1. Tell me, what ³J(HN,Hα) does each residue in the stretch 106-115 have, in order and in whole Hz, if you take phi through Karplus 6.51 cos²θ - 1.76 cosθ + 1.60 with θ = phi - 60° and put x for Gly and Pro?
2. Mind checking the alpha-carbon convex hull of the stretch 79-188 and giving the volume per residue in Å³?
3. Could you work out what % of the accessible surface of the stretch 111-188 is carbon and sulfur, using a 1.4 angstrom probe and leaving DNA, RNA and ligands out of the count?
4. List the residues, sorted by chain then number, that are 5 or more residues from TYR119 or on another chain and whose placed amide H is less than 5 Å from its amide H.
5. Given a cut-off of 28 Å, name the pairs among LYS99/LYS174; LYS125/LYS181; LYS92/LYS156; LYS92/LYS174; LYS43/LYS181 whose C-alpha atoms lie farther apart than that in the structure shown.
6. Round to the nearest 10 and report in Å² the accessible area of LEU77, as given by a 1.4 Å probe over the protein chains' heavy atoms.
7. Taking LYS188 as the anchor, which aspartates and glutamates have their alpha carbon closer than 18 Å to its alpha carbon, excluding any fewer than eight residues away along the same chain?
8. Set the bar at 24 Å for Cα to Cα. Now go through LYS133/LYS154; LYS51/LYS165; LYS51/LYS171 and name every pair that lies beyond it.
Amino acid sequence: MDQVLKKLITQTTSIIFMKNHLSLIILLFSLFCTGQQNKSISKDIYTSAIKNAVDDFREKSSLLKNDNIFSVSYKILNSNFIQINIIGNSNKFYIDGDKPINRLPTNYLEFNNKIFYWYDDNEIKLNTSIISKLQEYGLIEYNADIIEYSRDDKKKSISYYFCTKDLTNYKKVKSNSLKIKIPKLSCK
């Protein structure tokens, strides 16, 4: 009886172990496929979405008058949606010797003494012109003894949600939280 029970426990444990591994494999595969799907959106599409969001922000947003320096971030939600977030941000970028301590932006747009900067993970090489531009706005500090970073949880930002196949189709949400429910947007 003990041997039968041991054999049954061993088989049950083996089945549970295999199910857990199968679940893990399915999870990893789905994450891999999602990552591949995100990469299928071309740089031109998310760059255009960023430019469209910045244009709308500078033409229509009441938040424009509050700051001169804006951080722009983008997130490819899936093959149909891109989220662009714009928030005023005057935190500095620190360089020790010739090495950045924090990640420097790779791109910027400038309009009427206001700068909008962002990071592009697909751009590896540092653009030296952006360092000069950030210096003009007082955002670069060399060889700092103390690194300061501030965050205002009450500060409002605007999140834009674009259809990847039609960047003229978008919705925007003003909020002080980055955790926003995606608005209903009909993308074809």
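The values are calculated or read from the model by the stated rules, or taken from the named source; none is laboratory data. Remember, predicted model here, so these are calculated numbers, not experimental data. Here Cβ is always computed from backbone atoms with ideal geometry, including for glycine, and neighbour counts include all displayed protein chains. Areas reflect the complete protein model, heavy atoms only, side chains present, ligands, DNA and RNA absent. Shrake-Rupley method; radii C 1.70, N 1.55, O 1.52, S 1.80 Å.
1. Residue by residue, the stretch 106-115 yields 10, 9, 7, 10, 10, 9, 6, 6, 10, 10 Hz.
2. In the stretch 79-188, the Cα hull volume divided by residue count equals 134 Å³.
3. Accessible surface attributable to carbon and sulfur in the stretch 111-188 totals 48 percent.
4. THR106
5. LYS99/LYS174; LYS125/LYS181
6. LEU77 has an accessible surface of roughly 50 Å² with all protein chains in place.
7. ASP166
8. Pairs exceeding the cut-off: LYS133/LYS154.
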